[in-house]
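Right, one structure below, let's go through it.
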Amino acid sequence: MRTDLIIIGGGPAGMAAALAAYEKGITDLLILERDKELGGILNQCIHNGFGLHTFKEELTGPEYAVRYMDMVAEKKIPSLLNTMVVDVQGGSPCVVTAMNREQGMFKIEAKAVVLAMGCRERSRGAMNIPGTRPAGIYSAGTAQRYVNIEGRMPGREVVVLGSGDIGLIMARRMTLQGAKVKLVAEIMPYSGGLKRNIVQCLDDFGIPLKLSHTVTQVHGKERVEGVTISKVDEKLRPIPGTEEFVACDTLLLSCGLIPENELSQGAGAQMDDMTAGPVVNARLETTVKGIFACGNVLHVHDLVDNVSKEAEKAGEFAADYILNGEEDWGEVVRPKIPEKTKCTLPEDRDAGSQLICIGCPVGCLITVKKNEDGSLDITGNTCKKGEAYARSEMTAPVRTVTSIIRVEGGSGKVVPVKTAGEIPKGKIGQCMDEIEAAVVSAPVKAGDVLIENVAGTSVSVIATGNLL
Amino acid sequence: MYDVIVIGAGVSGSAVARELSRYELKTLVLEKASDVCEGTSKANSGIVHGGYDAEPGTLKAKLNVLGNKKMAALSKELDFSYKQNGSMVLCFDEKERFKLEELKARGEANGVEGLRIIDRQELLEKEPNVGDEAVAALYVPTGGIVCPFGLTIALAENAAVNGVEFRFGEKVTGIQKKESGYLIQTESQEFETKVVVNAAGVYADQIHNMVSENKMEITPRKGEYLLYDKKVGNMASNTLFQLPTILGKGILVTPTVHGNLLTGPTATDLPDKDGKETSQDGLAQVTEKAALSVKGIPGRQVITSFAGLRAHLTKFAGHNVDDFVIEEVEDAPGFIDVAGMESPGLSCAPATGEYVADMIKKILHPEEKKDFISTRKGIMSMALATEEERHAKIKENPAYSNVICRCETVTEGEILEAIHRPLGATTTDGIKRRTRAGMGRCQSGFCNPRVVEILARELSIDASQVKKSGGDSWYILPEE
């Protein structure tokens with residue numbers, strides 16, 4: 001087999017790179033994806049908060065993925081699904097070895113390759129958390145896959161370690177599905193997640209966030225029976241005497257992401273210790289001839305929108321390389337790594353009059369003063385959305401609910417859904433009951449109305465992903 | 001009525017079972033866990049010791065040297081991973097160099113071949129990353145490394161193929177002496193047998209004490225380990241010991257047969273026979289001491305930590321015994337102990353099996369089996385296979401092209417084999433030990449839901465019934 005361009009990975013990076021290369025005139029190209037559909041990890045990130053930069057609106061992960069999938073389909077860009085790449089070699093041509101059920105093990109030659117394999121999560125072992133080794137310890141992403149793709153619950157009583165956005169979002173997700181999330185422990189004195197997520201994932205459900213705390217012991221011989229959490233000092237060492245036993249059957253770990261570079265290293269690409277991704281030049285070209293890299297395989301990004309942007313560039317550079325030939329490699333350009341979120345909610349915040357805006361990742365602290373005539377003085381917001389949010393939050397708070405609905409007769413077991421608009425906060429429980437009771441028949445397309453007038457709110461629950 | 005019942009399906013029990021399967025004997029192995037290799041055999045250093053360490057004349061010395069000599073041939077016969085990578089005992093102080101000489105003399109008395117003391121320069125040539133303070137070493141060219149799961153599973157599978165029966169989830173709760181043998185009670189049933197082999201690891205004292213007045217006491221000695229990514233697997237090529245202390249062979253640094261780097265074990269005596277938790281202090285101690293042997297092992301390349309329990313015999317019939325007890329119990333004829341199988345128990349296993357089988361032959365005088373199958377083919381690793389082998393496997397079954405564990409490149413085909421072989425895997429740990437799915441750097445973060453799904457499908461059970469290692473080790477809740 002031979003093609004001009006191979007893109008390894010059909011997630012947000014791979015799809016954006018493919019589309020950009022196509023626009024530049026590379027129409028003979030191929031995406032290799034190990035899962036049964038394109039979209040990558042976005043398919044299990046059913047919450048919203050994606051696409052504010054790329055599409056100027058707030059989308060769920062599957063919706064963001066579907067937009068790109070539609071564009072890929074429209075351009076008829078071919079992809080091989082359920083296909084695992086086992087080896088990549090650079091040069092002219094580059095040679096990619098892959099495996100799938102239909103074709104067995106096969107080689108494809110290409111003029112260029114874009115690496116877009118994404119990243120993986122840090123495991124319990126990598127953190128050296130002492131204790132027993134029972135079942136019930138999951139990385140947040142593994143649990144997310146169980147809940148959002150398989151429609152199965154990995155536990156009843158949960159402790160989350162790590163307060164990055166994935167940890168916060170899984171705390172809410174497990175709660176909405178009926179689990180009791182005991183607490184979220186964070187070793188740093190600040191959260192690694194966005195303020196809006198602390199508010200809408202923890203505060204909304206009364207889940208405590210224990211900053212400067214970590215898990216120092218896992219208990220339970222067969223299944224997790226509890227964890228010991230301890231306070232840590234400024235050097236992040238557990239402080240003796242602060243141990244506290246928390247009974248739970250599940251420990252979720254959200255403790256960082258690592259670019260997945262087995263293939264890049266197999267190709268002989270020089271690696272950057274700082275980013276844990278390959279070394280690249282200004283054209284996102286690795287040190288191996290013909291191989292480019294983008295997205296989380298290059299370095300861990302904060303927003304998918306930034307992944308898409310970087311991947312478009314990689315696609316364009318790869319296209320240039322194919323069309324115009326090799327240029328002088330030039331010098332190493334380390335990608336700009338986003339600054340780590342370090343977020344705390346103001347401790348002395350008066351819950352009655354001060355609130356954190358959840359309208360966007362900025363998370364403004366807004367103060368609301370109620371005047372005698374009943375009007376509100378709203379200060380601290382930096383945009384109009386903030387004012388509207390504060391007004392509604394003080395009078396009739398609302399939220400968008402995202403979840404899954406069971407599907408019969410389809411290629412998957414569940415389809416991701418959301419409320420088409422915001423519903424009163426007090427109706428979340430009833431809304432979830434109706435969502436859990438619902439069963440729909442395949443096929444389902446993103447945007448299909450699956451429940452009308454959910455919980456009597458006159459808001460519909462709509463599908464956010466496709467299911468054939 | 002069985003001829004022989006072996007209690008315990010660890011490496012010693014499995015080795016005995018395999019040797020017994022050469023004869024016309026009705027043999028049963030009772031195991032309390034849900035799989036073979038669930039106790040000490042699954043959490044140890046995976047070392048085939050040279051045999052220089054034990055006191056001359058002891059069973060430890062004799063069986064170690066013999067086991068070491070048999071291991072290479074056995075690994076070919078039964079197809080498990082073994083490598084004679086060589087061992088070294090490092091000395092960090094000129095003043096202690098004489099201890100290397102002592103060890104060498106002891107090794108030679110035990111019949112260990114090729115022992116040599118090397119100076120720092122040769123040490124550096126062989127091990128460029130060796131610690132700055134290492135001044136000399138005893139070089140043991142016959143030292144090796146083995147996959148402890150591979151060895152145990154291979155022995156057990158071969159025994160099963162040759163007619164030995166295995167029953168899992170059968171915890172022995174009582175043993176009664178009968179006129180012509182023993183009645184063994186488990187939690188759910190009873191079995192009669194002429195001969196009993198007690199290979200119950202850290203519980204061998206409890207089993208022994210059910211039949212004998214000469215009481216035995218085994219104190220589990222916990223060892224904690226750190227396992228590192230394959231990226232740093234080449235930081236040592238020999239197995240690097242430190243001069244032994246009273247608590248054992250000290251902290252070692254070794255490559256594993258699969259290319260990882262392993263450091264450990266600590267040595268803590270425990271009252272709890274099931275206390276396999278790791279500790280902050282223990283792991284810190286491993287890191288600190290391993291750094292003496294090999295410098296610059298990067299902490300962030302740790303992929304997991306674990307602890308195992310050595311079956312350390314503290315008392316037998318009122319005496320301290322610093323050896324294995326492999327003998328017919330004095331006041332219980334036909335009851336054979338294989339007890340106190342701490343290090344070098346794994347290295348000894350091939351010899352232990354024969355040694356015990358010989359004892360049983362003298363009691364039961366069995367005929368040799370004419371159709372004994374001496375060889376066994378393991379699951380071929382797609383990751384290590386040649387291109388031709390891979391193509392052939394995929395042609396046989398397309399499932400060999402479906403990669404389930406991406407870190408270790410384990411395919412669905414290999415997992416299906418692991419499930420459907422004799423004594424096939426029924427748990428994710430069972431899959432892991434047979435195929436390495438989940439043993440890589442992401443520690444099953446990616447493949448866990450996929451392996452659970454395959455197990456559920458192949459065993460026709462709901463995914464909520466799939467366990468990590470039996471008992472209450474479920475992964476997901478039943479559907480409402």
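Filter segment B:35-68 down to the residues that are in a loop (DSSP other than H, G, I, E, B) and among the small types (Gly, Ala, Ser), then identify the one that is surrounded by the fewest Cβ atoms within 10 Å (Cβ to Cβ). Per the stated criteria, the residue is B:Gly57.
All of B:Asp281, B:Asp274 fail the test of being under 18 Å from the mean Cα position of the chain (by Cα), surrounded by fewer than 20 Cβ atoms within 10 Å (Cβ to Cβ) and not in a strand (DSSP E or B), apart from B:Asp274. Answer yes or no as to whether A:Arg406 is within 28 Å of A:Tyr146 (Cα to Cα) and basic (Lys, Arg). Spelling it out, A:Arg406 is indeed within 28 Å of A:Tyr146 (Cα to Cα) and basic (Lys, Arg).
Only one of the listed residues (B:Thr219, B:Thr263) is crowded, with 19+ Cβ neighbours inside 10 Å and part of a strand (DSSP E or B). That residue is B:Thr263. If you filter segment A:149-190 down to residues that are among the polar types (S, T, N, Q) and away from chain B (no Cβ under 11 Å), you find that the one that is surrounded by the most Cβ atoms within 10 Å (Cβ to Cβ) is A:Ser163.
Residue count for segment B:405-439 under the criterion of being touching a strand residue (DSSP E or B) at 6+ places or on another chain (Cβ under 7 Å), more than 9 Å from chain A (Cβ to nearest Cβ) and not in a helix (DSSP H, G or I): the result is 6. Residues of segment A:238-259 that are part of a loop (DSSP other than H, G, I, E, B) and at pLDDT 95 or above: A:Ile239, A:Pro240, A:Gly241, A:Thr242, A:Glu243, A:Cys248, A:Asp249, A:Ser254.
Residues in segment B:306-331 that are of a type in the set (A, V, I, L, M, F, W, C), in a loop (DSSP other than H, G, I, E, B) and within 19 Å of B:Gly13 (Cα to Cα): 2 in all. Screening the candidates B:Leu262, B:Leu227, B:Leu240 for the property of being within 14 Å of chain A (Cβ to nearest Cβ), modelled with pLDDT of 95 or more, closer than 16 Å to B:Gly144 by Cα and out of contact with any Asp or Glu (no Cβ under 6 Å at 6 or more places or on another chain) yields one hit, B:Leu262.
Within segment A:200-220, the set of residues being assigned to a loop (DSSP other than H, G, I, E, B) and more than 14 Å from every other protein chain (Cβ to nearest Cβ) comprises A:Gly206, A:Ile207, A:Pro208, A:Ser212.
Inside segment B:285-314, residues that are under 21 Å from B:Leu123 (Cα atoms), among the small types (Gly, Ala, Ser) and surrounded by fewer than 22 Cβ atoms within 10 Å (Cβ to Cβ) make up a count of 2.
For segment B:442-461, the set of residues classified as without any contact (Cβ under 8 Å) to a residue 24 or more places away in the chain, within 10 Å of chain A (Cβ to nearest Cβ) and farther than 13 Å from B:Leu416 by Cα consists of B:Gly445, B:Pro449, listed by residue number.
What are the residue pairs meeting all of these: first residue in segment A:229-243, first residue on the phi < 0 side of the Ramachandran plot and buried (at least 19 other Cβ atoms within 10 Å of the Cβ), second residue of a type in the set (D, E, K, R) and in a loop (DSSP other than H, G, I, E, B), Cβ atoms under 6 Å, and 6 or more apart or on different chains? Pairs found: A:Ser230/A:Glu243.
Which of the residues belonging to segment B:351-400 are within 12 Å of chain A (Cβ to nearest Cβ), touching a Gly at 6+ places or on another chain (Cβ under 6 Å) and either touching a residue at least 40 places away in the same chain (Cβ under 8 Å) or in a helix (DSSP H, G or I) (or both)? Listed by number, the residues that qualify are B:Ile394, B:Ala399, B:Tyr400. Of everything in segment A:362-393 that is more than 23 Å from A:Glu347 (Cα to Cα) and of a type in the set (Lys, Arg), the residue that is nearest to the chain's Cα centre (by Cα) is A:Lys385. Which count do you get for residues in segment A:134-148 that are in a strand (DSSP E or B) and either facing another protein chain (nearest Cβ under 9 Å) or more than 23 Å from A:Phe245 (Cβ to Cβ) (or both)? Counting residues in segment A:134-148 that are in a strand (DSSP E or B) and either facing another protein chain (nearest Cβ under 9 Å) or more than 23 Å from A:Phe245 (Cβ to Cβ) (or both) gives 3.
The values are calculated or read from the model by the stated rules, or taken from the named source; none is laboratory data. All figures in this text were calculated on a predicted structure; none of them were measured in a lab. So basically every Cβ, Gly included, is an ideal-geometry build from the backbone, and we count neighbours across all protein chains shown.
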